[in-house]
1. Can you tell me which residues in segment 197-213 are under 21 Å from Asp294 (Cβ atoms) and in a loop (DSSP other than H, G, I, E, B)?
2. For segment 249-296, how many residues are within 21 Å of Ala357 (Cβ to Cβ), modelled with pLDDT of 95 or more and not hydrophobic (A, V, I, L, M, F, W, C)?
3. Are any residues in segment 297-324 touching a Pro at 6+ places or on another chain (Cβ under 9 Å) and either in a helix (DSSP H, G or I) or among the basic types (Lys, Arg) (or both), and if so, which ones?
4. Any chance you could count how many residues in segment 114-131 are open to solvent by 30 Å² or more (accessible area, probe 1.4 Å), in contact (Cβ under 8 Å) with a residue 12 or more places away in the chain and either outside any loop (DSSP other than H, G, I, E, B) or among the acidic types (Asp, Glu) (or both)?
5. When you check Ser263 against the structure, is it surrounded by fewer than 16 Cβ atoms within 10 Å (Cβ to Cβ), more than 29 Å from Ser203 (Cα to Cα) and either touching a Pro at 6+ places or on another chain (Cβ under 8 Å) or not small (Gly, Ala, Ser) (or both), yes or no?
6. Can you tell me which residue is surrounded by the most Cβ atoms within 10 Å (Cβ to Cβ) among those in segment 76-108 that are of a type in the set (D, E, K, R) and in contact with a strand residue (DSSP E or B) (Cβ under 6 Å, 6 or more places away or on another chain)?
7. Quick check: is even one residue across segment 328-350 more than 18 Å from Val257 (Cα to Cα), in a loop (DSSP other than H, G, I, E, B) and polar (S, T, N, Q)?
Amino acid sequence: MLALGLLFACTTAPAPESVVSPVPEPGVDGTVAPSPGESLAGTGPFGIQLGDWEGRFATQGGPLRFRMRVDSGCRTTLMVAGQEIEAFAQCEANTLSVRFPPYLGSLTATIGEGGDTLLGQYDFQRSGEWHHLPFEASRALEPVWIAPPEGAPATLSLQVDGKSTVLLETREHEGRTYASVSAPTGDWGPLEGGWTPEGLELSGFDGSHAFLVKLAPDDAGRMVGTVWSRDADGKPLVETEEQADLDGWNDLDLASVDFTGLSLPRIGGATEPLPTDRPRIVHLTGSWCPNCNDAAPVIEALARDFPEVVVLGLSWEAGAPPGKADRQIQRFNDRHGVSHAMYRLDAAPPFLDPVPAWPTTLFVRADGTVQAAHVGFLGPSTGTRHTALVERMRSEAGKLAGRSGG
């Protein structure tokens with residue numbers, strides 16, 4: 001089986017597309033979140049109270065908190081650290097059902113008698129198997145955060161489980177702490193929370209990424225704690241002086257890519273040989289992978305803006321049967337407007353086995369030599385790091401196209 005290689009990889013399959021309304025994101029780039037909107041008044045179907053809610057998943061580390069808003073018609077929106085992510089929701093038979101595209105994850109909860117509580121579960125897929133996480137929500141009952149202690153660090157290098165080092169960057173805004181976590185092969189999505197008498201608590205849920213982080217100083221003043229991801233066991237976090245290697249460029253010992261004799265099933269077409277005589281961008285992806293969904297619009301922009309280069313998406317669908325895998329890839333293509341060639345991988349590609357992380361992107365010259373390679377993908381929540389990665393990818397595509405710059 002292919003090695004996933006992603007830190008706390010979320011293995012879920014896709015659903016119909018979501019609607020994301022971007023607003024200024026509180027992060028490490030100096031922007032701030034907008035002030036909370038005015039709460040809605042009244043009730044919706046089956047007496048559900050309209051307005052702002054606090055959702056909570058029951059993880060092993062305690063409640064993983066996130067904010068949501070219920071509007072008329074049961075329209076439900078996730079409030080994710082300065083972004084609004086609209087989900088597909090409906091009320092029926094005293095039940096609120098919410099799906100979170102682009103992943104096959106959903107909430108099903110019973111509406112309480114007073115319309116101000118929800119109790120149910122979050123269902124999601126990992127490695128082809130369904131998992132269930134208890135869920136509850138109440139009307140705008142947010143914890144009261146205290147002021148950060150004097151000298152609280154805004155940037156922390158943290159070692160996860162004694163292995164990879166990640167970079168946690170925080171920003172305070174209107175009594176809340178917003179954070180992004182950059183990992184060697186991707187990011188954890190936006191987090192928010194605040195300081196308590198016990199330490200720093202951060203959590204976030206955007207329909208796929210779901211993390212709860214708790215940190216506190218030890219006797220030596222070093223920040224230590226734990227991170228939980230959905231149903232996963234907690235992994236220890238320890239502050240370290242080691243700097244996280246977040247570059248991701250040319251981390252592969254791969255000098256060339258040989259497509260000779262390699263044929264793959266093309267989505268929407270027949271099995272065909274891969275091109276061997278043109279400059280090409282080879283993007284190893286999967287519809288189940290959160291960071292792959294973050295990367296999809298960037299890769300599609302490269303295909304559009306650099307027609308001199310062949311862009312090839314090779315998608316592994318976490319062991320799904322061929323028919324199901326093809327449908328998942330097609331939905332992924334439709335959701336992100338993918339026009340470049342997409343192929344189905346049923347096993348690790350012979351030129352890169354195992355795949356170190358999803359996604360991995362190779363910039364390959366016409367003679368098959370590798371000009372550059374990037375492992376993982378830093379999403380928009382990482383701010384300037386995401387911007388720098390996109391600029392570098394465009395630069396590498398420009399070189400393949402024979403242009404002076406991207």
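The values are calculated or read from the model by the stated rules, or taken from the named source; none is laboratory data. Just so it is clear, the model here is predicted, and its values are computed rather than measured. Here Cβ is always computed from backbone atoms with ideal geometry, including for glycine, and neighbour counts include all displayed protein chains. Each accessible area value is taken on the protein alone, full model and side chains, heavy atoms only, with ligands, DNA and RNA left out. Shrake-Rupley method; radii C 1.70, N 1.55, O 1.52, S 1.80 Å.
1. Within segment 197-213, Asp206, Gly207, Ser208, His209 meet the criteria.
2. Residues in segment 249-296 being within 21 Å of Ala357 (Cβ to Cβ), modelled with pLDDT of 95 or more and not hydrophobic (A, V, I, L, M, F, W, C): 4 in total.
3. Ile299, Pro322
4. Filtering segment 114-131 down to residues open to solvent by 30 Å² or more (accessible area, probe 1.4 Å) leaves 114, 116-117, 119, 121, 126-131.
Cutting the leftovers down to in contact (Cβ under 8 Å) with a residue 12 or more places away in the chain gives us 114, 116-117, 119, 121, 126-128, 131.
Those still in the list that are either outside any loop (DSSP other than H, G, I, E, B) or among the acidic types (Asp, Glu) (or both) too: 116-117, 119, 121, 126, 131.
Final tally of qualifying residues: 6.
5. Details: surrounded by fewer than 16 Cβ atoms within 10 Å (Cβ to Cβ): yes; more than 29 Å from Ser203 (Cα to Cα): yes; either touching a Pro at 6+ places or on another chain (Cβ under 8 Å) or not small (Gly, Ala, Ser) (or both): yes.
So Ser263 passes the test.
6. So the first thing to find is which residues in segment 76-108 are of a type in the set (D, E, K, R), and the list is 84, 86, 92, 99.
With in contact with a strand residue (DSSP E or B) (Cβ under 6 Å, 6 or more places away or on another chain) added as a condition, the list becomes 84, 86, 99.
Working: Glu84: 16, Glu86: 16, Arg99: 20.
Of everything passing the filter in segment 76-108, Arg99 is surrounded by the most Cβ atoms within 10 Å (Cβ to Cβ).
7. Among the residues of segment 328-350, at least one is more than 18 Å from Val257 (Cα to Cα), in a loop (DSSP other than H, G, I, E, B) and polar (S, T, N, Q), which makes the answer yes.
Residue by residue, here is whether (1) at pLDDT 95 or above; (2) among the hydrophobic types (A, V, I, L, M, F, W, C) holds:
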| position | (1), (2) |
| --- | --- |
| Gln328 | no, no |
| Tyr343 | yes, no |
| Pro356 | no, no |
| Val364 | yes, yes |
| Val375 | yes, yes |
| Thr387 | yes, no |
| Met393 | yes, yes |
| Leu400 | yes, yes |
| Arg403 | no, no |
